[in-house]
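First up is the structure itself, then whatever we jot down about it.
The values are calculated or read from the model by the stated rules, or taken from the named source; none is laboratory data. Model, not experiment: these values are computed from the prediction. Neighbour counts run over all protein chains shown; Cβ positions are idealised from the backbone, glycine included.
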């Protein structure tokens, strides 16, 4: 049985080789015998075409206080020379109510209030068909991004333009156009986490303490202030109204607005920041007067600073 | 002497670096607990009718999420407090590490509400894991959303198109245009017309053009997908569709969308594949069976001599048995 197989295998292999050679010979003869007509065509380059950009899934942009938020634009690029001819894409994300042009480098290398330029490294080419590729471009938008809704007086929307490049450096671009989205107003703040009045004798007032408040949103804000009675963890309390505050550093001997348990609006004037390291800050000064006969203990309490619309 | 000086300089540099790092950390931790914000800072609807249901999502945002911190919600709107529900309740923990926390404000206007403008505000306070430590006063941060609700008898129709897509179709099927529409009015509404121009993939030849008018409606203050269909006779391949959406007779913009025409049955097969993973498993079984077959053949070829000997022995013993019987 084995010897039979050993004899058959080389024969089969030889037959297969002869069959392939015959087929090849047939093809060559067919070419030689064919009419002597030579056809030639040169396929030219076609510029890519870009679909309307879908920006942030059609939702308004919501920013993150004192940080960045990722805004994604996606579209489809086609090229009649096939998807392999699509080489890369770049993009701009900008607030289109601004009369200036958003291009490379504008907006402080992508840190602007209204313009972000994305290099090809920020645009990822994805799924393909015969002639198309999906592209996604992402921008990291800072908290100072210009708002276009609500109390904002800034006109326009945010849109993304994506430019596609092919192997021959032909370009084409499309914008989110009708898919432009708004950017929401963001009220946000940051403040010192505590006020330490130190050791104060009954009947005396503390020294002035300072709370630095920073506007970390994208629109002007003011504050509402409230607090609770301070206590020693036992039965002794210092009424909330013994704390006073002022935007002036000259509180003299306890001059200012008495803190209340219900929120009271206070005009601090924190304008809209225009830099990524917020340039909108203000100081709030505090003093406490300890009532006569106050029980000696360490007292703690909580004050609340609330960001609200400008007064 | 030089060695000693070098050592002093190097130790000084190390010490300076360590001290800078330590004080930097200290200043940072003492300075603040991170920013806290709200976006958008309002809940507004100027077209509510008695009995209306309306929802709006706002985001509480923070740059340095504090583990274990909570939100406390206070509604200050005496006339309309009963209309308002917060999806997460009046106290809820901030999810660890989340910089954006969505909160949905649900407004249910009672049917017997008088027409008018109702105002108020909602305050969100971020309560750190420990409100106060040691002596002194802890500062907690809050943000405020203004409420501005107008109850009216007037009907108001308006909408926003949040997205458009054109599905891949099988040859012979109608073209399906899908629109994600947000009804911002208080009556059912939607686009009254969508115009579609179909181009070849090179975008230089207009192949078909038509209006779609039967699109359906979106309920008040809801976001829904609506669908329109257009009969087409396209060969297999890739195409462009320029879709114009009409609001009260005016185009609100043109959307250029890429789509495919695939052979009949392709989408059904894909759907079946997604719905019935068993089909995939049966294919897997085929692969496994083939692999097993290859392994068996391999083993046979490796141990060919042993097998041949075994079969020869078997034949001899059978012959012997036959002889014995005879």
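A few notes on this one:
- Strands (runs of 3 or more DSSP E) completely within the stretch A:65-141 that count 1 or more residues being within 14 Å of chain B (Cβ to nearest Cβ) and either surrounded by 21 or more Cβ atoms within 10 Å (Cβ to Cβ) or modelled with pLDDT of 95 or more (or both): A:68-78, A:86-95
- From the options A:161, A:166, A:157, residue that is more than 9 Å from every other protein chain (Cβ to nearest Cβ), touching a helix residue (DSSP H, G or I) at 6+ places or on another chain (Cβ under 7 Å) and more than 24 Å from residue A:248 (Cβ to Cβ): A:166
- Checking each residue in the stretch B:245-256 for being surrounded by fewer than 18 Cβ atoms within 10 Å (Cβ to Cβ) and out of contact with any helix residue (DSSP H, G or I) (no Cβ under 8 Å at 6 or more places or on another chain) picks out B:246, B:248, B:249, B:250, B:251.
- Screening A:178, A:164 for residues that are touching a residue at least 60 places away in the same chain (Cβ under 8 Å), over 16 Å from the mean Cα position of the chain (by Cα) and surrounded by 23 or more Cβ atoms within 10 Å (Cβ to Cβ) leaves exactly one candidate, A:164.
- Considering only residues in the stretch B:180-204 that are assigned to a strand (DSSP E or B) and closer than 23 Å to residue A:77 by Cα, the one that is nearest to the other protein chains (Cβ to nearest Cβ) turns out to be B:180.
- Scanning the stretch A:183-200 for residues that are in a loop (DSSP other than H, G, I, E, B) and either surrounded by 21 or more Cβ atoms within 10 Å (Cβ to Cβ) or facing another protein chain (nearest Cβ under 7 Å) (or both) turns up A:184, A:185, A:186, A:192, A:193, A:196, A:197.
- When residue A:238 is tested against the conditions (1) at pLDDT 95 or above; (2) under 21 Å from residue A:270 (Cα atoms); (3) within 12 Å of chain B (Cβ to nearest Cβ), the lone failure is (2).
- Matching option when the condition is without any contact (Cβ under 8 Å) to a residue 60 or more places away in the chain and buried (at least 18 other Cβ atoms within 10 Å of the Cβ), among A:227, A:256: A:256
- The set of residues from the stretch A:202-227 being on the phi < 0 side of the Ramachandran plot and more than 30 Å from the chain's Cα centre (by Cα) comprises A:202, A:204, A:205, A:206, A:207, A:208, A:209, A:210, A:225, A:226, A:227.
- Among the residues making up the stretch B:89-103, those that are away from chain A (no Cβ under 14 Å), in contact with a strand residue (DSSP E or B) (Cβ under 6 Å, 6 or more places away or on another chain) and either under 17 Å from residue B:57 (Cα atoms) or part of a loop (DSSP other than H, G, I, E, B) (or both) are B:90, B:91, B:92.
- Scanning the stretch B:95-137 for residues that are under 20 Å from the mean Cα position of the chain (by Cα) and within 30 Å of residue A:195 (Cα to Cα) yields a count of 7.
- Within the stretch B:47-70, restricting attention to residues that are assigned to a strand (DSSP E or B) and within 13 Å of another protein chain (Cβ to nearest Cβ), the residue that is nearest to residue A:66 (Cα to Cα) is B:62.
- Whichever residue in the stretch A:169-182 is within 10 Å of chain B (Cβ to nearest Cβ) and assigned to a strand (DSSP E or B) and, among such residues, is nearest to residue A:310 (Cα to Cα): A:181
- Applying the criterion of being surrounded by 17 or more Cβ atoms within 10 Å (Cβ to Cβ) and farther than 26 Å from residue B:182 by Cβ to the residues of the stretch B:224-239, the residue that is nearest to the other protein chains (Cβ to nearest Cβ) is B:238.
Yes/no per residue for (1) under 30 Å from residue A:48 (Cα atoms); (2) modelled with pLDDT of 65 or more; (3) outside the structural domain of residue B:211 (by TED's automatic domain parsing):
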| residue | (1), (2), (3) |
| --- | --- |
| B:257 | yes, yes, no |
| B:260 | yes, yes, no |
| B:273 | no, yes, yes |
| B:285 | no, no, yes |
| B:294 | no, yes, yes |
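- Some residue of the stretch B:205-223 being farther than 29 Å from residue B:48 by Cβ, within 14 Å of chain A (Cβ to nearest Cβ) and part of a loop (DSSP other than H, G, I, E, B): yes
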